[in-house]
Amino acid sequence: MSAFIGYLLNGLAVGCAIALIASGLVTIYRVTGVVNFAQGTFAVVAGLCTSSLLGLGVPHGVSEVAAVLVAALAGLLTGLAATGKRDTTPLSSLIVTLGVGVLAYAVEIVLWGDQPRSAPGLASSVTIAGARVQTQHLLVIAVTAATFVLLVLFFGRTYLGKALTACASNPFAARVIGIDTRLMGLLAFALGGLLGGIAGVLVTPLRPISFDTDVTLIVNGFAAAVFGALTRPGVALGGALLLGVAETMAAGYGYGSHQLEVALGLMLVVMVVQAGRRSTIHQETV
Amino acid sequence: MIDVRDLVVSYGAATALDHVTLSVRRGEMVALLGPNGAGKSTLANTLAGLLTPASGTVRIDGRLALIPEGRQVFPDLSVADNLALGGWRSRQRDPSFVYQLLPQLAELSGRRAGVLSGGEQQMVAFGQALMARPDVLVVDELSLGLAPLLTARLAEHLAELNRTHGLTVLLIEQNARLAFELCRRAYVLESARVVAEGECAELADDPRVAGAYLGGAIT
Ligand SMILES: Nc1ncnc2c1ncn2[C@@H]1O[C@H](COP(=O)(O)OP(=O)(O)OP(=O)(O)O)[C@@H](O)[C@H]1O
Ligand SMILES: [Mg+2]
């Protein structure tokens, strides 16, 4: 039982990181129509940055925030590359994001090498219902919950958030009332970078991160995002937590090498089910 | 006011506006008629800055708002949010004056715009354009698919705003009777060109215009 609770909390923490990646994907997709394959890169960049900053003696807190801001900047630059040119179709933009991801490999290897790097998190642990739980897991869950609350408030309550939703809801009408939809798209990319960055700094103390960790992150994040047809962040959150727990349980009970297959399998099932229903992703974007 | 000279707009190889010249003076209400595909919406969207002219000039004095064709609302947002966003340019976010003008919108304010009827959505689009506090209003097909009573009411509001606030209006209409009632002057656009213009009273006597737009005798 205590092993189960340990796996559960570990899984939820992993799921939270996936959820943050997925929410970045969903934010960018809703506003720009672009599936951003560089989303995992933002997390990797932030993770590598924190590990370096902490290594240089920069205190906790400052290092993490700085790393998240670097990721937001990476998001903005990715957005500029992918959508900065007028009349780029979402499909072409997607290809550019793939290219950005590969280019980032080169930059990351030059700056940080190709070996996994970790960062110290909260080292302590607490006992919950007889299970020893790393405090870092609880931190990840708490920060993710707070981030999602802020996201909901931002999109639901602020004028800027509503303008972003307007771009997602009817881009033509948004332009009619004078909203610069390309600028809003860049803002969405920066926000996506920020969310990916938060995932990165949270997960690095749990699982060492290297330049190619983005593949695992993007596959999982994408799997969670397609739960919500790439447009519904709440459903994506549920999907992400489910994925995190399923994978951790699979690993915990001895199927450790099959984590990516779990994600891919779940994603395949979701896609088949959704294709069977009438509402495919394409119809919803028209 | 609106001043358009020698305007050419094309979609790729297809020319949608071919050397169009048109003007609307300050405080004037002018109608723009024309069959489907004539280029009316293209002109409206160019005036709103959504399309870039290939050549020619467009001058607009004051703030222009467009009520686009086809009930363009934000379906995922509430009526109140739709209206508030209409004030994006004017930084006017309080829709109470729109509610005064269109009391139904006040009742619908909490509903999602996506679940409203077509006529209600058109009212939202109308209110959204007013939130921009425009000096010039371009209306692309006010009456399309609306109940006659609602059309008449919205038309009345337009005339009222024109009288009291000096609002300049370019009214794109398929319903020429309505257009001629509201406006003193009109342009007729056909196949990307202006083929007739003048006082509505004169145009109504022009057998071609009367035949095509007022259901007159076919000659
Ligand atoms: N986005 C577009 N891409 C290519 N061609 C277009 C586009 N929009 C309009 N057209 C073409 O330009 C011409 C003018 O279209 P426009 O929408 O301006 O006509 P309209 O007068 O508003 O017609 P309606 O009365 O049906 O609304 C048409 O031949 C149309 O096929
Ligand atoms: Mg039209």
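Tell me, which residue of region B:100-124 that is over 16 Å from B:P148 (Cα atoms) and not in a helix (DSSP H, G or I) is modelled with the lowest pLDDT? Before you say what the answer is, go through the steps one by one.
First, the residues of region B:100-124 that are over 16 Å from B:P148 (Cα atoms): B:100-116, B:124.
Narrowing the set further to residues that are not in a helix (DSSP H, G or I) leaves B:102, B:109-112, B:116.
On the way: B:L102: 91, B:S109: 95, B:G110: 95, B:R111: 96, B:R112: 96, B:L116: 95.
Filtering region B:100-124 for residues that are over 16 Å from B:P148 (Cα atoms) and not in a helix (DSSP H, G or I), the one modelled with the lowest pLDDT comes out as B:L102.
Looking at region B:69-81, which of the residues that are within 13 Å of A:V176 (Cβ to Cβ) and within 9 Å of another protein chain (Cβ to nearest Cβ) is farthest from ligand 2 (Cβ to nearest atom)?
Pass one, region B:69-81, residues within 13 Å of A:V176 (Cβ to Cβ): B:69-74.
Narrowing the set further to residues that are within 9 Å of another protein chain (Cβ to nearest Cβ) leaves B:72-74.
Details: B:Q72: 12, B:V73: 17, B:F74: 21 Å.
Residue satisfying both the conditions and the ranking: B:F74.
In the set (1) in contact with a Ser or Thr (Cβ under 9 Å, 6 or more places away or on another chain); (2) of a type in the set (V, I, T); (3) surrounded by fewer than 18 Cβ atoms within 10 Å (Cβ to Cβ), B:T164 fails one condition alone, (1).
Looking only at region B:147-169, decide whether some residue is within 16 Å of ligand 2 (Cβ to nearest atom), under 21 Å from B:A44 (Cβ atoms) and not aliphatic (A, V, I, L, M). No, region B:147-169 contains no residue that is within 16 Å of ligand 2 (Cβ to nearest atom), under 21 Å from B:A44 (Cβ atoms) and not aliphatic (A, V, I, L, M). Just give me the residues in region A:1-56 being surrounded by fewer than 24 Cβ atoms within 10 Å (Cβ to Cβ) and touching a Cys at 6+ places or on another chain (Cβ under 7 Å), in sequence order. Residues satisfying the conditions do not exist here.
Okay, residues lined up against (1) within 13 Å of ligand 1 (Cβ to nearest atom); (2) charged (D, E, K, R); (3) closer than 30 Å to B:E197 by Cα:
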| residue | (1), (2), (3) |
| --- | --- |
| B:I2 | no, no, yes |
| B:V20 | yes, no, yes |
| B:G34 | yes, no, yes |
| B:A84 | no, no, no |
| B:Y99 | no, no, no |
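Residues considered: A:T127, A:T88, A:T97. Of these, the only one that is part of a helix (DSSP H, G or I) and β-branched (V, I, T) is A:T97. Does at least one position in region B:48-68 carry a residue that is within 16 Å of ligand 2 (Cβ to nearest atom) and either farther than 29 Å from B:R177 by Cα or free of Cβ contacts under 8 Å to residues at least 40 places away in the same chain (or both)? The answer is yes, given that some residue of region B:48-68 is within 16 Å of ligand 2 (Cβ to nearest atom) and either farther than 29 Å from B:R177 by Cα or free of Cβ contacts under 8 Å to residues at least 40 places away in the same chain (or both). A Cβ distance below 6 Å, combined with a sequence gap of six or more or placement on separate chains, defines the contacts here; from region A:199-221, residues that are closer than 16 Å to A:L103 by Cβ reach residues that are surrounded by fewer than 24 Cβ atoms within 10 Å (Cβ to Cβ) in the pairs A:F211/A:Y105; A:F211/A:E108; A:F211/A:I109. Annotation: B:A38 fulfils all but one of (1) surrounded by fewer than 18 Cβ atoms within 10 Å (Cβ to Cβ); (2) within 9 Å of ligand 2 (Cβ to nearest atom); (3) among the aliphatic types (A, V, I, L, M); the unmet one is (1).
Kindly establish whether B:Q128 is of a type in the set (S, T, N, Q), within 16 Å of ligand 2 (Cβ to nearest atom), touching a helix residue (DSSP H, G or I) at 6+ places or on another chain (Cβ under 9 Å) and within 14 Å of another protein chain (Cβ to nearest Cβ). No; evaluated as a whole, the condition is false for this residue.
The values are calculated or read from the model by the stated rules, or taken from the named source; none is laboratory data. From a predicted model like this one, the values you see are computed outputs, not experimental measurements. No Cβ is skipped: glycine too gets one built from the backbone with ideal geometry, and neighbour counts run over all protein chains shown.
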